[in-house]
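Structure record follows, encoded as structure tokens.
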Amino acid sequence: MTKRHLILPDTQCRKGDPVRHFEWVAQAINDYKPDVVIHLGDHWDFPSLSSYDGPGSLKMEGARVQDDIEAGNETFRTLNRLITHKCKKILLRGNHENRQNKAINKDPRLVGTLGDHLLESPGWQVVPYYAGAPGQITVDGVVYSHFFPVPNTGKPIGGTIQNRLQKIGQSFVHGHVQGLMQGTHQFATGRTIQGIQSGSLYLHDEDFKGPANRHWRGIVVLNEVQNGSFCEMPLSVDYLCRKYEGMSVSRFLNKNYKSAKDRFSLARET
């Protein structure tokens, strides 16, 4: 019997960013009734623990770890409150959650003050980091991970989707990188594998991307999942907004957030 998977790419929750799309996601889970929901990780963004912005930088002004934790916890409370469909729910840890472990390794005095025990996700099976790399889980022949590391370096396998298919070697889904890539690879034996990279489910912009913030954001539904084979159905945040708010995401943002066109690329879409 085939299954249905519903995938939540990186959500990267931060204080002050719009989060109404979590209501749309919960409604989509109730409507599409998947057998399993898989969150690809980086739900807690942890900008206060970023190694790219050191103490004293403008981005760190007013940054608080507690705010980062609460931003992610609050949206999980929303999801759990609104999801009425009964199914298996899996949460992968991403490199942004792993910022806590890096901070603890750098300063052991933070043990107990930081840690995954502070991240609330009741009812979800959590797949943690293992020895500095994202954990992996295989569901109905599809292997899921926040990203797949190069064996000799630990860095994420990148490049084209075809390169990832050949390096990973089985049907996969991973997050970590913004946007959406999909592909299929058939081997000489006739065996066929499929791969999806999808790493963005949010309404805000990423500062480092600038004009490139017009990347795809949304959820992905996998239909007819069996032994690593599936039929993918991406659903953009604009589609979800039109379905559940009755308007485009651009109109929604401009209606509900001050100076939306200055703050959000999606607010400037037609």
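The values are calculated or read from the model by the stated rules, or taken from the named source; none is laboratory data. Not measured: the values here are computed from a predicted model. For neighbour counting, all protein chains shown are included, and Cβ atoms are generated from backbone atoms with ideal geometry for every residue, glycine included. All accessible areas refer to the heavy atoms of the entire protein, side chains included, with ligands and DNA or RNA removed. Shrake-Rupley method; radii C 1.70, N 1.55, O 1.52, S 1.80 Å.
Structure values in brief
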item	result
Accessible area (Å², 1.4 Å probe, nearest 10) - Val19	60
Long-range amide H partners of Leu91 with built H, under 5 Å	His39, Gln125, Val126, Val127
Whole-number D in µm²/s for the chain (Stokes-Einstein; Kirkwood sum over Cα pairs; 4 °C, 1.567 mPa s)	67
Packing rank of 36-42, 102-108, where each peptide gets the mean count of other beta carbons within 10 Å, highest leading	36-42, 102-108
Heavy-atom surface of the chain, accessible at 1.4 Å and reported per residue (Å²)	48
Whole-percent carbon and sulfur share, accessible surface of the stretch 86-127, 1.4 Å	53
The chain: calculated mean residue ellipticity at 222 nm from DSSP helix runs of at least 4, using -39500 (n - 2.57)	-7000 deg cm²/dmol
Cross-link pairs Lys33/Lys255; Lys102/Lys155; Lys89/Lys243 - those with Cα-Cα distance over 20 Å	Lys33/Lys255; Lys89/Lys243
The stretch 125-270: C-alpha pair distances exceeding 18 Å, %	63
